[in-house]
1. Between I230 and K343, what is 0.36 nm times their sequence separation minus the Cα-Cα distance? Round to one decimal in nm.
2. Within segment 1-145, how many Lys pairs sit with Cα atoms under 16 Å apart, leaving out pairs fewer than 8 places apart on the same chain?
3. Report the Stokes-Einstein translational diffusion coefficient (µm² s⁻¹, integer) for segment 205-315, Rh taken as the Kirkwood radius over Cα pairs, at 20 °C with viscosity 1.002 mPa s.
4. Using the Karplus curve 6.51 cos²θ - 1.76 cosθ + 1.60 with θ = phi - 60°, what ³J(HN,Hα) values do you get for each residue of segment 158-167, in whole Hz, with x for Gly and Pro?
5. Just subtract the alpha-carbon distance of D243 and N21 from 0.36 nm times their residue separation and send over the number in nm, one decimal.
6. What nm value, rounded to one decimal, do you get for the distance between K285 and Y175 when each label is placed 7 Å out toward the C-beta?
7. Given Cα pairs under 8 Å that are at least 6 residues apart, what percent is the relative contact order of the chain?
8. Would you compute, for the Cα atoms of the chain, the largest minus smallest coordinate along each principal axis and list the three values in descending order, in whole Å?
Amino acid sequence: MEQDKPKYLQLKEYLIGLIENNELPRGNKIPSENELAEKFHISRHTVRRAISELVNEGVLITSQGKGTFVNNEPKSRQNLIGVITTYIGDYIFPSIIRGIDQVLSENGYSIALGCTNNQFDKERQCLENFMKQDIKGLIVETTKSALPNPNIELYDEFRKRNIPVLFMHGSYKGYSASSIYEDDVEAGYIATKHLIELGHRKIAGIFKIDDIQGHARFEGYCRAHRESGIDINDKRIIWFGTDDMLYKFGKQSGDMVIEFLEDSTSLVCYNEQISIKVIDIIREKGLTIPERLSLVSFDDSELAVASEVKMTTVAHPKEKLGIEAANLMLKMIKEGDGIFKVKMTPELVVRNSTGRVNG
């Protein structure tokens with residue numbers, strides 16, 4: 001199986017290939033979950049997810065007590081919605097996709113998934129693939145949304161075909177389109193304000209430079225400082241990008257991270273994928289949270305409570321955002337022209353990674 005594609009998607013493509021090549025004729029029973037799991041060295045959960053999506057798309061049907069079969073009369077794919085996310089198999093993304101699929105399936109639509117790994121060339125590949133399909137709408141999580149996008153002409157082509165496009169988590173600068181997103185400025189503000197209310201004045205920040213969420217959260221961070229009359233020190237800010245994340249927060253960079261945090265009592269960290277790396281570095285150096293450093297993160301994913309340090313975090317709506325995105329797409333399909341903007345309000349979840357400043 002390919003390394004850069006989720007295993008359940010690879011299994012879906014494998015089964016579809018068998019059906020299209022008539023190696024699995026219509027009406028025939030497919031291999032069992034155990035057989036597929038053993039054949040591809042994957043978990044039954046992964047197999048079950050692939051099969052479940054193919055059932056939802058009408059490619060397969062299940063019969064209680066008998067098994068899963070290739071559908072003799074596959075459901076029409078005329079009501080197909082394309083969904084493109086930056087990542088797909090972990091973190092908050094399965095919840096977002098689940099919310100989208102829940103609403104669309106209830107309204108007679110199926111979804112087809114694409115994944116960009118936050119790379120422009122893969123975004124282009126996804127868009128070109130959907131150009132070849134008869135989709136009725138396109139829901140897209142923006143790729144490197146703080147940068148100029150080289151694929152804008154493809155989005156224009158969808159619009160020329162009267163296929164509505166809805167962006168999640170932001171939109172591309174200078175490009176007028178419908179979007180649904182969390183209020184990341186407010187998220188950055190309430191995260192920083194929480195630390196200020198605990199007495200912190202030396203607040204470090206880690207933000208993502210190539211995604212618009214990072215810029216918005218930094219804006220909120222600045223607003224909280226400004227309201228409280230606290231100066232922002234450039235030496236307490238780190239910006240990172242998609243392509244240098246592993247380098248800047250890997251074990252080899254532990255000393256640099258500790259040096260960066262040396263003069264700070266607290267940290268606002270872009271998301272929990274980065275926060276968990278920072279926590280590992282801090283604890284490896286014998287420092288404690290929140291006694292030495294209070295930390296606020298973003299998203300409230302499973303990572304927020306995965307270690308002994310339970311993170312204070314600004315919760316991402318996740319499945320709720322997916323549900324709202326799907327409902328908005330249905331509205332766009334029904335009403336045609338129009339630019340829609342939906343902004344969702346963030347909420348702070350306080351756990352034990354933050355405490356009052358010492359000294």
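1. On the way: separation 113, 0.36 × 113 = 40.68 nm, distance 2.84 nm.
Using 0.36 nm per residue and subtracting the Cα-Cα distance, I get 37.8 nm.
2. Values: K5/K122; K7/K39; K12/K29; K12/K39; K29/K66; K75/K136; K122/K132; K122/K144.
Lysine pairs meeting both conditions in segment 1-145 amount to 8.
3. Numbers: Rh = 14.3 Å.
In µm²/s, the coefficient rounds to 150.
4. 4, 5, 4, 8, 6, 9, x, 10, 10, 8
5. Numbers: separation 222, 0.36 × 222 = 79.92 nm, distance 3.86 nm.
Between D243 and N21, full extension yields 76.1 nm more.
6. The two pseudo-label positions are separated by 3.9 nm.
7. Values: 631 pairs, mean separation 58.5, N = 359.
With pairs under 8 Å counted, the relative contact order is 16 percent.
8. Cα spread of the chain along its principal axes, largest to smallest: 72, 48, 32 Å.
The values are calculated or read from the model by the stated rules, or taken from the named source; none is laboratory data. Computed from a predicted structure; not experimentally measured. Every residue, glycine as well, gets a Cβ built from its backbone with ideal geometry; the counts of neighbours run over all protein chains shown. Each accessible area value is taken on the protein alone, full model and side chains, heavy atoms only, with ligands, DNA and RNA left out. Shrake-Rupley method; radii C 1.70, N 1.55, O 1.52, S 1.80 Å.
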